[in-house]
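Before I ask anything, let me first share the structure, which is written out below as structure tokens.
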Amino acid sequence: MGIYTGAASYQRYRTGDKLPDNIKEFVLEKLKEFPFKEINPATITEKSMGWVSAENMASTFFDDMHFSKEPYLAFALRVDTRRIPALAAKAAFLGEEIKFKENSGKEKLAKQDRDMLKEEVWQSLLKKALPTPVVYDVCWNTKTEEIFFFSNSKSANDEFITFFYRSFDVKLVPLVPYDLAEEIVTKQNKSVSLKNLRVDFVDG
Amino acid sequence: MSMDKDDLRKECSFGKDFITYICYMSDKNAGVIMIPGSDDQFLLWLDGRIVLADDREPPPNTVSYSGDDFTVDDLRQAIRSGKKVREARLRIEQGANVWSFNFKAERFEVSSLKIDMPQTNDMDERFFDRMLSIEALNGLLDQLYEYFIGEVYEKKWQVEGYPEFQTWLNKSI
């Protein structure tokens, strides 16, 4: 849940690189260059990610500039993943193992046969697996150069930072206690090392 | 060997120090927070959930409270035993605005922030209402954090802040 509905959970970032002057056009171009693409069921692709509209996770149409809400740019990261439940994989493999033994007349499977069978079973199950979509809202305040990513999941945040850099060639600095303290110290012109700052509430 | 930025972020205890400090401020001032040099005044309360931890030696020694049974004496007792606040559910009130949310010390993550749903079906209106509410909350938290960092940097903390904190901490002993 994020920008439009429900309780909000988010992590804040600052854009750490110089941004182009024509930021809206730049972002439009990159959203169009890195849109979300559905996984082709005939392939063995496990994961697909890309940008979608924050208003409609099925839409990758940005040309109408609906994502621009001065001073914000709002869009979403969609990640589709195909997963095979471990027990389903095991059951399918054991079934194929029985068939293989019957057909080959072998009592035991050689490691090579076993690996090949496992791979075949995994690929066939993956093609049948429906992708599970997850959508994370993103809101970019172009005035403060702050970005909100609407998830607190560590893996989702890691994926977001990496994909954001791939898309926009812009590094994100997390607004976590240390970095915020650095900004404050710089703003206040204090010549103190944060490394040595310790706050003790009790003796010892 | 010099530490890189990620190490400094991991080692940094400012998040825990800050939430511990605002819990103290809230109790000391009966919930009223006034930041010197700012016109902002607001109410800040613990909202039914807190997790405190002593991370000095592994494994961390953790205690958590939820519901109405938790008292300020429990908070003082935990701090006296070396614990700091790792996570808390906070409630901030300023004028007609009310924010209730979980705040985690490690990365200043805000989660489960309840925002009144704007009474409109217009997507843009809804977007701006909610974003402005989120930005206003962040503004208050940033101001408070800036005040905190300034306070603990100044020699005043050792001379005045720390002794005052100790008076509050040992109140019920």
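The values are calculated or read from the model by the stated rules, or taken from the named source; none is laboratory data. Fair warning: this is a prediction, and the values are worked out from it, not measured in the lab. When we count neighbours, we look across all protein chains shown, and the Cβ atoms used for this are built from the backbone with ideal geometry, even at glycine.
Taking B:Gly37 and the conditions (1) free of Cβ contacts under 8 Å to residues at least 12 places away in the same chain; (2) in a helix (DSSP H, G or I), which numbered condition does it fall short on, given that it satisfies the others?
B:Gly37 satisfies all of (1) free of Cβ contacts under 8 Å to residues at least 12 places away in the same chain; (2) in a helix (DSSP H, G or I) except (2).
Pairs needed: first member in region B:151-167, free of Cβ contacts under 8 Å to residues at least 60 places away in the same chain; second member anywhere, of a type in the set (Asp, Glu); C-beta distance under 7 Å; at least 6 residues apart or different chains.
Taking only residues 6 or more apart or on different chains, the pairs are B:Trp157/B:Glu151; B:Gly161/B:Glu151.
Could you say whether any residue in region A:101-111 is of a type outside the set (D, E, K, R), surrounded by 15 or more Cβ atoms within 10 Å (Cβ to Cβ) and in a loop (DSSP other than H, G, I, E, B)?
Of all residues in region A:101-111, those of a type outside the set (D, E, K, R) come to A:103-105, A:109-110.
Narrowing further to those that are surrounded by 15 or more Cβ atoms within 10 Å (Cβ to Cβ): A:109.
Checking which are in a loop (DSSP other than H, G, I, E, B) leaves us with A:109.
Among the residues of region A:101-111, at least one is of a type outside the set (D, E, K, R), surrounded by 15 or more Cβ atoms within 10 Å (Cβ to Cβ) and in a loop (DSSP other than H, G, I, E, B), which makes the answer yes.
Still on this structure: Given A:Gly95, A:Gly16, which one is modelled with pLDDT under 95, farther than 29 Å from B:Asp129 by Cβ, not aromatic (Phe, Trp, Tyr) and not assigned by TED's automatic domain parsing to the domain that holds A:Glu145?
So the residue among A:Gly95, A:Gly16 that is modelled with pLDDT under 95, farther than 29 Å from B:Asp129 by Cβ, not aromatic (Phe, Trp, Tyr) and not assigned by TED's automatic domain parsing to the domain that holds A:Glu145 is A:Gly95.
Could you list, in sequence order, all residues of region B:45-100 that are aliphatic (A, V, I, L, M) and out of contact with any helix residue (DSSP H, G or I) (no Cβ under 9 Å at 6 or more places or on another chain)?
Once the filter is applied, which keeps residues that are aliphatic (A, V, I, L, M) and out of contact with any helix residue (DSSP H, G or I) (no Cβ under 9 Å at 6 or more places or on another chain), region B:45-100 yields B:Val51, B:Ala78, B:Ala96, B:Val98.
If you go through region B:81-95 one residue at a time, how many are within 11 Å of another protein chain (Cβ to nearest Cβ), under 16 Å from B:Ile22 (Cα atoms) and either exposed (fewer than 14 other Cβ atoms within 10 Å of the Cβ) or free of Cβ contacts under 8 Å to residues at least 60 places away in the same chain (or both)?
Qualifying residue count for the region: 1.
Now for a separate question. Could you identify the single residue in B:Val98, B:Val63 that is closer than 17 Å to B:Thr20 by Cβ and either in a loop (DSSP other than H, G, I, E, B) or in contact with a Lys or Arg (Cβ under 8 Å, 6 or more places away or on another chain) (or both)?
B:Val63
Would you mind telling me which numbered condition in (1) more than 24 Å from B:Leu141 (Cα to Cα); (2) within 14 Å of chain B (Cβ to nearest Cβ); (3) polar (S, T, N, Q) A:Gln188 fails?
That leaves (1) as the condition not met.
Here's a follow-up. Do we have B:Asp54 as free of Cβ contacts under 8 Å to residues at least 40 places away in the same chain, surrounded by 14 or more Cβ atoms within 10 Å (Cβ to Cβ) and among the acidic types (Asp, Glu) here?
Working: free of Cβ contacts under 8 Å to residues at least 40 places away in the same chain: yes; surrounded by 14 or more Cβ atoms within 10 Å (Cβ to Cβ): yes; among the acidic types (Asp, Glu): yes.
Here the answer is yes, as B:Asp54 does meet what is asked.
Still on this structure, please answer the following. Which of the following residues is outside any helix (DSSP H, G or I), without any contact (Cβ under 8 Å) to a residue 40 or more places away in the chain, under 20 Å from B:Leu46 (Cβ atoms) and not hydroxyl-bearing (Ser, Thr, Tyr): B:Asp116, B:Asp69?
B:Asp69
Are any residues in region A:9-60 within 14 Å of chain B (Cβ to nearest Cβ) and not in a loop (DSSP other than H, G, I, E, B), and if so, which ones?
Of everything in region A:9-60, those that are within 14 Å of chain B (Cβ to nearest Cβ) and not in a loop (DSSP other than H, G, I, E, B) turn out to be A:Ser9, A:Tyr10, A:Gln11, A:Arg12, A:Tyr13, A:Arg14.
Looking at region B:57-77 only, could you name the residues that are modelled with pLDDT under 90, closer than 17 Å to B:Glu106 by Cα and surrounded by 13 or more Cβ atoms within 10 Å (Cβ to Cβ)?
B:Asn61
Another question, if that's okay. Any idea which of A:Leu197, A:Leu126 is farther than 30 Å from B:Leu144 by Cβ and at pLDDT below 95?
Just one listed residue meets the conditions, A:Leu126.
When only residues in region A:183-204 that are of a type in the set (Asp, Glu) and in a loop (DSSP other than H, G, I, E, B) count, which is nearest to B:Gly15 (Cα to Cα)?
A:Asp200
Which one is surrounded by the most Cβ atoms within 10 Å (Cβ to Cβ) among residues in region A:164-182 that are more than 13 Å from chain B (Cβ to nearest Cβ) and part of a loop (DSSP other than H, G, I, E, B)?
Per the stated criteria, the residue is A:Val170.
I want to confirm something. Restricting to region A:43-71 and keeping residues that are surrounded by 20 or more Cβ atoms within 10 Å (Cβ to Cβ) and out of contact with any Asp or Glu (no Cβ under 8 Å at 6 or more places or on another chain), which single residue is farthest from A:Ile147 (Cα to Cα)?
Filtering first and then ranking leaves A:Phe62.
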